[in-house]
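What follows is a single structure, written as structure tokens, with notes after it.
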Amino acid sequence: MSWPRHSRSTSRGFSIGAALWFALVGLFFPALVTLLTFRSNEQLGPTVTSAVSGTAPLFALLAAGLIIGERVPARAAVAALAIVAGVGVLSWKPRAPQPGFGGWSLLWPISGAALRGLAQVGAKAGLLLWPSAFAAGLIGYLVSSATVIGVNRLGRQERLRPARASIAWFALTGILNGGAVLLMYAALSIAPVSMVAPVVATYPLVTALLSAAVLREEALTLRVAIGAFITVAGVVYLVASKTAA
């Protein structure tokens, strides 16, 4: 199949091909990716999970070139590497416990990062046919929700009754996550994967800065400052190079 090289599609209405792409993405994003992240946190702890998960843009750039034939400029690859390095510095804590660390356990966060990168490319493939971020988010979330409910029904774990406060927090988290996915799809509908994927990968920077500002146990250390500088420098280089091109 030949994909258009530009970011906007000539088709404006419903596309069954695009709907299938959105549904396919929904099978593993965000549902399966979230489950893999939880499993990785259990096996390796949040430090290693965050650092390895930050490699998602590298998978996205590779998949964009192979699947939809997107030309990945050198500046995007350099910016992605800088952002991955910055996220690694932000996530690195030398004294953080890493229970059960082992080579095979790394497959959990690596799989999550690969699927997250593939999700961006799959969504882009659908958006080239039907440039509707709302449709991409709606179809993807419906399929993803059905996947989570199905896995939960098949599981044999004891089902605990959640507290009302936890339900409210889960709902708020869902709203924020849904808004983030919708904004990402909106960006993918007007920009190439090589531009969007590295920027999306900078979310640990916001997490680190908010944690330092709100949580007492999180301090704004030299490590956080260096990681933030590297990450921001990667984004600035990417955007500045695009503007100059």
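The values are calculated or read from the model by the stated rules, or taken from the named source; none is laboratory data. All of these numbers come straight from a predicted model, not from anything done at the bench. Cβ: placed from backbone, ideal geometry, glycine included. Neighbour counts: every protein chain shown. Protein only, heavy atoms only, side chains kept; ligands, DNA and RNA dropped before computing areas. Shrake-Rupley method; radii C 1.70, N 1.55, O 1.52, S 1.80 Å.
Some observations on this one:
- Pair list, Cβ under 8 Å, 6 or more apart: segment 32-61 residue among the charged types (D, E, K, R), other residue in a helix (DSSP H, G or I): R39/W108
- Residues in segment 82-119 that are aliphatic (A, V, I, L, M) and at pLDDT below 80 were compared, and the one that is farthest from the chain's Cα centre (by Cα) is A96.
- Qualifying residue in segment 179-194 (condition: more than 23 Å from L61 (Cβ to Cβ) and not aliphatic (A, V, I, L, M)): yes
- Only one of A212, A165 that is in a helix (DSSP H, G or I), surrounded by fewer than 13 Cβ atoms within 10 Å (Cβ to Cβ) and at pLDDT below 80: A165
- In segment 215-245, residue modelled with the lowest pLDDT [restricted to those that are exposed (fewer than 15 other Cβ atoms within 10 Å of the Cβ) and in a loop (DSSP other than H, G, I, E, B)]: A245
- Any pair with Cβ under 8 angstrom, 6 or more apart, that starts in segment 178-192 at a residue that is in contact (Cβ under 8 Å) with a residue 12 or more places away in the chain and ends at one that is of a type in the set (V, I, T) and surrounded by 17 or more Cβ atoms within 10 Å (Cβ to Cβ): M184/V196; M184/V200; A187/V196; A187/V199; A187/V200; L188/V196
- Filtering segment 40-58 to residues that are modelled with pLDDT of 85 or more and open to solvent by 20 Å² or more (accessible area, probe 1.4 Å) leaves T55, L58.
- Total residues in segment 60-80, condition in a helix (DSSP H, G or I) and not aliphatic (A, V, I, L, M): 2
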